[in-house]
Amino acid sequence: MSGIDMAPCFKVTVFEQEHFQSKCQELTTECCKIQERGFDNIRSIRVESGAWMGYEHHDFQWQQFVLEKREYPHWDAYSSSLGYHVERMMSLHPIYCAICVL
């Protein structure tokens with residue numbers, strides 16, 4: 001390893017309710033099952049750095065959402081182009097790129 005700190009490349013804050021309400025937790029690594037962190041689901045999210053992939057179900061299953069640096073106050077902020085209604089996110093992981101891993 002070259003001694004580069006990887007944490008600043010990826011940082012997201014997840015919230016259990018819409019509009020950044022209720023419980024929250026900061027993540028810098030993948031989360032395959034949000035229930036293991038004491039959440040029922042993720043209803044809003046703030047991506048602070050890096051790109052992330054969010055999933056409708058745990059273990060990175062079903063519908064996926066690309067999340068770039070911005071705030072997503074409710075489900076349709078990240079899934080508005082879908083043909084069906086998805087109001088939750090249950091797992092997510094950083095999208096690694098060559099710049100962050102070099």
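Of all the residues in region 68-80, those that are assigned to a strand (DSSP E or B) and of a type outside the set (Asp, Glu) number 2.
Counting only strands (runs of 3 or more DSSP E) that sit completely within region 22-67, those holding 2 or more residues that are open to solvent by less than 50 Å² (accessible area, probe 1.4 Å) and among the aliphatic types (A, V, I, L, M) correspond to 44-49. Considering the conditions (1) free of Cβ contacts under 8 Å to residues at least 12 places away in the same chain; (2) surrounded by fewer than 13 Cβ atoms within 10 Å (Cβ to Cβ); (3) charged (D, E, K, R), residue 76 is excluded by exactly one of them, (2).
The values are calculated or read from the model by the stated rules, or taken from the named source; none is laboratory data. In this text, all values refer to a predicted model and were calculated from it rather than measured experimentally. Heads up, the Cβs are rebuilt from the backbone with ideal geometry, glycines too, and the neighbour counts pull from every protein chain shown. Quick note on the areas: whole protein, heavy atoms, side chains included, nothing else; ligands and nucleic acids left out. Shrake-Rupley method; radii C 1.70, N 1.55, O 1.52, S 1.80 Å.
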